[in-house]
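The values are calculated or read from the model by the stated rules, or taken from the named source; none is laboratory data. Every value quoted in this text rests on a predicted model; they were computed, and no experiment measured them. Note: ideal-geometry Cβ built from the backbone for every residue, glycine included; neighbour counts use all protein chains shown. Only protein heavy atoms, including side chains, enter the accessible area calculation; ligands, DNA and RNA are left aside. Shrake-Rupley method; radii C 1.70, N 1.55, O 1.52, S 1.80 Å.
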Amino acid sequence: MSEVNEDIDESAWDIDPDDEQGAAVLAMVARQLKTWREMARMKVTDFGKAIGYGEDMVRKVEGGTRIPKPEYLDNADRVLKAGGRIAAMKEDVEPIHYPKKVRDLAKLEAKAVEVCAYSIHTVHGLLQTEEHARALFEMRQPAYSHEEIERFTAARMARHSIYVRDPAPTLSFVQEETTLRRRVGGTMVWRRQLEHLLEVAKLRNLSFQIMPIDQEIHAGLDGGIEVLKFANGTGVGRSEGAFGGRAVDELKQLRLLELRYGMIRSQALTPRESTAFIEQVLGET
């Protein structure tokens, strides 16, 4: 393999220095990769050429400072004749491709028996299509690299596993009308996002509502809200307009967020009115 698989976006695969769990997994994988290479009596330079990567990349991966891509592990497995044992490490490495804060959020969502969210700037991440999510990351400034965009998009889509959980959690979403009017990604991407909302709104465990622009005063004007409740009676929540935007888990603070969210729902369109609204918007284009 003559082509060297390195480019200017490789920094997106660096391990987060604050990600202790990810660093531990990466250190384990790095040790095993180095051991396999040394057992094969291959020098770093020769090994790099054989799998299509430069010497510097191999040293970073074996030093535990760079997350190996799936193709790196596949090629290493083939060259070192590991019989699938190196390729199997992809399962260990895959979660740490995602930023730590996204993994932490996904873990909380995976435990939640109820999720309540009011979104004012963009369509909520659990409601986004893949192409809509990618378009949002592409417009970020300062600009993300291509690798970062793909990494963050994959992380967001991985959170959608919440829809196949059994038993299914209770999901409630309220979206500001403006988030549905903005044609993120262009007209066709935007239309497919709205069509996706119509589909998820049919789920029996999900409630979808819209806060119309003509609702002049409502309880969500201070900012978005998200509350996750767990089976043991605890929970965690955050709001841009309360507690300095910090995540909170004290019962009294959560109660205030729940109260505010309940008021927002009462002031928004009903679920039936909300789906009818989306159908109307789609019919206008």
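Note on the chain: Rg/Rh from Cα positions, Kirkwood definition for Rh, rounded to two decimals, is 1.06. With a cut-off of 17 Å on the backbone N, the residues of the stretch 80-95 near the modelled label site 7 Å out from GLN21 along Cα-Cβ are 91-95. Could you tell me the calculated FRET efficiency between THR234 and MET263, based on Cβ-Cβ distance and R0 = 25 angstrom, to the nearest 0.05? FRET efficiency, THR234 to MET263: 0.65.
Karplus-based coupling profile of the stretch 220-235, in residue order and whole Hz: x, 5, 7, x, x, 9, 9, 10, 10, 10, 10, 4, 7, x, 8, x, with θ = phi - 60° in 6.51 cos²θ - 1.76 cosθ + 1.60 and x standing for Gly or Pro. Between the helical axis of 251-267 and the longest alpha-carbon principal axis of the chain there is an angle of about 60 degrees. Taking Cα atoms only, the orientation of helix 20-39 departs from the longest principal axis of the chain by about 20 degrees. Would you mind checking the tilt of helix 70-79 against the longest principal axis of the Cα atoms of the chain, expressed as 0 to 90 degrees and rounded to 10? In the chain, helix 70-79 runs at an angle near 20 degrees to the longest axis. With the simple model of a label 7 Å out from the Cα in the direction of the Cβ, LEU221 to THR45 spans 7.0 nm.
Remark on the stretch 151-279: ratio of C-alpha radius of gyration to 2.2 N^0.38 Å is 1.12. Ranked by the mean number of other Cβ atoms within 10 Å of their residues, highest first, the peptides 188-196, 52-60, 139-147 fall in the order 52-60, 188-196, 139-147.
Multiplying the residue separation of ARG140 and ARG85 by 0.36 nm and subtracting their alpha-carbon distance yields 15.9 nm.
The ARG183 and ARG31 beta-carbon pair, evaluated with R₀ = 51 Å, returns a calculated FRET efficiency of approximately 0.55. Surface analysis of the stretch 58-98 yields an accessible area of 45 Å² per residue, using protein heavy atoms and a 1.4 Å probe. Between ILE86, ILE149, ILE96, which gets the highest mean-square fluctuation from a Gaussian network model of the chain, Cα cutoff 10 Å? Top of the fluctuation ranking is ILE86. Given a 1.4 Å probe and the protein chains as shown, ASP214 ends up with an accessible area of around 120 Å².
By how many nm would the segment from ARG192 to LYS107 lengthen if fully extended, with 0.36 nm per residue of separation less the alpha-carbon distance?
Values: separation 85, 0.36 × 85 = 30.60 nm, distance 2.80 nm.
Net length gain for the segment: 27.8 nm.
Extension gain, VAL281-ARG59: 0.36 nm per intervening residue step, less the Cα-Cα distance, totals 74.5 nm.
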